[in-house]
Amino acid sequence: MVLAGAGRMAGLQRKTSGIRNICILAHVDHGKTTLADCLISSNGIISSRLAGKLRYLDSREDEQTRGITMKSSAISLHFKKGDQEYLINLIDSPGHVDFSSEVSTAVRLCDGCIIVVDAVEGVCPQTQAVLRQAWLENIRPVLVINKIDRLIVELKFTPQEAYLHLKNILEQINAVTGTLFTSKVLEERAEKETESENISDTALGDQIYDWSAGLEDTDDSHLYFSPDHGNVVFASAIDGWGFGIEHFAKLYSQKIGIKPAVLLKTLWGDYYLNTKAKKIMKGDQSKGKKPLFVQLVLDNIWSLYEAVMKRDKEKIEKIISSLGLKIGARESRHADPKVHLNAICSQWLPISDAVLSMVCNKLPSPLDITAERVEKLMCVGARTFDSLPPETQELKSAFMKCSSEGTAPVIVFVSKMFAVDAKALPHNKPRPLTQEEIAQRRELAKRRHAEKMAANQGKELSEKPSSENSSEVTGNTGDTKGEEQQLTGQTEIATSKAAKQEADNKESFIAFARVFSGVVKRGQKIFVLGPKYDPAESLHKLSSQCSATDDLPSVPHMTCCTLENLYLLMGRELEDLEEVPAGNVLGIGGLQDVVLKSATLSTSPACPPFTPLNFEATPIVRVAVEPKHPSDMPQLVRGMKLLNQADPCVQVLIQETGEHVLVTAGEVHLQRCLDDLKERFAKIEISVSSPIIPFRETITRPPKVDMVNEEIGKQQKVAVIHQTKEEQNRIPEGIQVDSDGLVTISTPNKHATLSVRAVPLPEEVTRLLEENSDLIRTMEQLNTSLNEDKKTHEINQKTIDRIKEFKQKLEQNLQGRKWRNAVDNIWSFGPRKCGPNILLYKFEGYTKSVWQCLGNAVKEISKYRDFDNSIVSGFQLATLSGPMCEEPLMGVCFIVEKWEISKVGEMLSTRRQDSGECDAVEHSQNEDPASLTSSCTVEVCGENEHQDSSESVPKSPEKVSKNKGEVLLADCYGPFSGQLIATMKEACRYALQAKPQRLMAAMYTCEIMATAEVLGRVYAVLSKREGRVLQEEMKEGTDVFIIKAVLPVAESFGFADEIRKRTSGLASPQLVFSHWEIISSDPFWVPTTEEEYLHFGEKADSENQARKYMNAVRKRKGLYVEEKIVEHAEKQRTLSRNK
């Protein structure tokens, strides 16, 4: 047991080859923190008796009470193996799906990971998720199969059954790894093929297609987990034992006389020992023999457990003496057999040795970082490594060397900021006093006592205030004129006390970071690079040799800061460090003002920002927060800022309604954020709204059957739709709606007329638009820079290919007469220019396309050119808040079939063109910073009403000479472009209402593990909450069922608690946001046909799910809700009647 001091650790940090940065990943409750405890106890930081009970790395109170980890915390361990010394930076991460963002922050800083799997539950959803995260970050995993004691004690397996069960678990894990690997190989192959196609386009002759897909040639043996590779440990962390096969191979090679190398190969697999011939034979199952693993390993463990559990003293003593162990009398007499067991096993097969030696042998040191991982980290977004500036590409070698020389550029990545109580910082901790200080304090205490006595005597002698004063003064300061001094002294003491109290209450933020290159020193000045920083742009302004200490011009997304403090992270403790060499994980103090959540720090301006972290869980649960006492508002705002910084996944917004909103990943995450806000960051009482559930609005095709499944005739169908629609919204004058849903509307000044139709998009297209929202955003940026004739960097070929592929997929999914040429006529996407809705134009004399960046840009000169932005802005506004309950639209295509501008409008347009071509260009493309497009205002804030945004558009007409044209342009209805925005918005809304509208609800996928006896109760809870079961399967070798279901987010609050209560804790769900789904019922439905009247009654009182959701949202937003409190109170019962 080694208790290494901070000095020793700092020494180990310099030897890069002996460093291992690892994290522990697993599903919730598979034993990560218990395993971490066992590893920590090997360093003497905690007692080995407490390992597993203390959960040392769960330092928060709520983590201890709930029994789950909620944040990643790091600790540095020292491990000696032979004459080699290792420094292991261990990060424990949460397994609960709500905190999967913490896993991402941990994985980015590591080179390897330990995947922990419960031997009973096997591979669970979160196990697959963490394997995928490790794969995406290119880090190497090793496996610990934990809780093997449950196979013995709970499931009462025989060693043979346990062996088959473990084999099965290994196959499941390898299957997950295999699917990740094949997808990667197939992707790479597809890329190569496209390259070779470009080259061999000219080559003629028969093409022979190779179906092998390259999987046969690629070597994947190193990826899989197998005990004979040495990357699997079998363990029971709670009982303190664990082993790899090599331990037993060494042990038995001496006993049986077979080489350890042979035993290593054969201890796992279909081999058995022929005792007569002392040979190892293959094919145990066919001959009905025990496999070697069962015979030599599991049988021994099973017999040990059996002896201890049955209190067979003779057998226990025999085992102890044969293993040569020393067990204390306290353990052997203990009433709980588990304590005795732990004492024997932790000496015989110490888990820390098995796991740490596997980590040191199998996981890479920081020096072994792969070129592929470096390139992946350095390329943000769609950039490829080759397109980065040459100075940036040179940094790759610094990454690969991971050198700690003075000349090497410093590169640090901060993956998250975490809050620590200021009292816990090393310089604020109480330190032991020296002898001199103790003597001084004793003197001070004596003097104070004497002063007190003197003051009391003075009071008794005379009641005069002057004498009291003088006695106090002489006592305190030994000076007769001491009143002023005494007052100032008191105020000083008071202020210093207040300052001290404030410092105590203050939260300090520490950056959780890793040094990838160079040596970080305390007090060093360094560049902080934001996620949008582009080295190519800044290198024009700065030389690549400049440092953060120089006086530099300002560069966007780059600031300078000083590293105030460096800390060694030791779980709950922090140790001060002077410098940290490359390859280490550390904490950095003093970055809270320059880093929000994550950042890249470097001494070289050529360093690119690292790829942003990819989070598995999307934040979906929203609540509005307000202080109980309005005067506490400033504290709440400050507290929410701090919370936003301290949590990698939470989002903090102020909505246009003025509400402060928290967006979190799930219920447990929400609870943690609210507790933090109340107790740590804001320290005030807050009231929290019920969760704000997001919905989307869409339209569908007219229904073919009515609510009682009777077929609707053509005439009847139209009548039904229009009857309900007319009741719902009487269409105002001046708006024509055709029978097929074409809406024609004119601007208030009658200068322009628009005809718009709304059509539902096919599901595949909506999904495609959602998945490619980032690509659409990139296209929008490229088009803007092309319009503004800005010199952009060469557009990356890869991005162009992705855009072409996206266009092709759209064309494949939008086929048929209705969608002819639709893809080429796409005018915009929305809301926010990258959403899942489309605007098409189908009128003559106008050509503009979102595909400009593919090189088919046409300079548009027509009457429509000046006002097309207004139409797009109107569309953006309409898609941002639909007519049902002001929620965003999804899966709707608006087609502008006609846009007529009257002669006056045309005249204005041409006059503006003549008055100065450049001015008009400037207006239509908004280079003038004062005239930001309304679409911009809308998309960024979503707060401005269209009046404001319309005012912000037409600034460039003011540049035109003051003539009649301008007066006409801005008539009594406001500027013409503003009228167009409002008209387009109205047209889209009415077009939407002319079709059958539906709500879309956010859905969770829900995985529940439950035993057979509680299945019925699980189904009852699911059906009560509108859940839908997709599949249920039984886990092999257990009586556990895995149920996969979907559940609306709106119904999910309190779901986990209810399931636990109803099943007495035997089932626990995992909820992950999955997709949006249309709620089939029509929110405006009223019975119309005779059958419906008969079935539902005149009022259709039965609960309409969609209407219930819609009214709830409308109520929350303060919109009008049509509901009557009492209807037809035919009979009123009085109390007297009931007597």
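The values are calculated or read from the model by the stated rules, or taken from the named source; none is laboratory data. For clarity, every value in this text was computed on a predicted model and none was experimentally measured. Note: ideal-geometry Cβ built from the backbone for every residue, glycine included; neighbour counts use all protein chains shown. For accessibility, only protein heavy atoms count, side chains too; no ligands or nucleic acids. Shrake-Rupley method; radii C 1.70, N 1.55, O 1.52, S 1.80 Å.
Rounded, prolate or oblate: which one fits segment 505-604, using the alpha carbon gyration tensor with axes a ≥ b ≥ c (rounded when a/c is under 1.5, else prolate when a/b beats b/c, else oblate)? Prolate, because a/c is 1.5 or more and a/b exceeds b/c.
Restricting to DSSP loop positions (anything but H, G, I, E, B) with no more than 16 other Cβ atoms inside 10 Å of their own Cβ, which trypsin sites (Lys or Arg not before Pro) remain in segment 347-390?
none
Computed with a 1.4 Å probe on the full set of protein chains, the accessible area for Leu50 sits at about 80 Å². Counting heavy atoms of the protein chains alone, Thr847 has an accessible area of about 80 Å² for a 1.4 Å probe.
Taking label points 7 Å from Cα along the Cα-to-Cβ direction, Asn300 and Ala335 give a separation of 3.4 nm. Distance from the Cα centroid of segment 399-430 to that of segment 125-182 is 34 Å (rounded to whole angstrom). On a per residue basis, segment 566-717 carries 42 Å² of accessible surface, using protein heavy atoms and a 1.4 Å probe. Longer than 29 Å from Cα to Cα, which of Lys53/Lys81; Lys32/Lys521; Lys985/Lys1117; Lys396/Lys798; Lys184/Lys809; Lys80/Lys265 are they? Say none if no pair is. Those over the limit are Lys32/Lys521. Net charge near Val1113: determine it from the other residues with C-beta under 9 Å of the C-beta of Val1113, scoring Lys and Arg +1 and Asp and Glu -1. Net of charged neighbours comes to +2.
A protection proxy built from the mean count of other Cβ atoms within 10 Å ranks the segments 982-993, 232-243, 557-568, most packed first, as 232-243, 982-993, 557-568.
Global dimensions of segment 594-707 from alpha-carbon coordinates: Rg and Dmax equal 19.0, 69 Å. State whether segment 24-111 is rounded, prolate or oblate according to the following rule on the C-alpha gyration tensor (a ≥ b ≥ c being the square roots of its eigenvalues): a/c under 1.5 gives rounded; otherwise a/b larger than b/c gives prolate, and the remaining case gives oblate. Note, shape of segment 24-111 comes out oblate. Debye-formula intensities of segment 250-379, expressed as log10 I(q)/I(0) at q = 0.22 Å⁻¹, are -1.26 (one equal scatterer per alpha-carbon, no solvent). Could you let me know the centre-to-centre spacing of segment 984-1016 and segment 609-652, using Cα atoms, in angstrom? Taking the Cα centre of each part, segment 984-1016 and segment 609-652 sit 26 Å apart.
Per-atom-type breakdown for segment 51-104 gives carbon and sulfur 46% of the accessible area (1.4 Å probe, protein chains only). Average accessible surface for segment 92-167: 23 Å² per residue, computed with a 1.4 Å probe over protein heavy atoms with every protein chain in place.
Using the structure shown, select from Lys259/Lys313; Lys678/Lys1024; Lys807/Lys898; Lys15/Lys641 the pairs with a Cα to Cα distance greater than 29 angstrom. Beyond 29 Å: Lys259/Lys313; Lys678/Lys1024; Lys15/Lys641. For segment 1063-1082 and segment 354-394, what is the separation of their Cα centres, given in Å? Each part reduced to its Cα centre gives a spacing of 38 Å.
Full extension of the chain between Leu1066 and Ser773 yields a length gain of 101.4 nm, computed as 0.36 nm times the residue separation minus the alpha carbon distance. The accessible area of Thr407, taken with all protein chains in place and a 1.4 Å probe, comes to roughly 120 Å².
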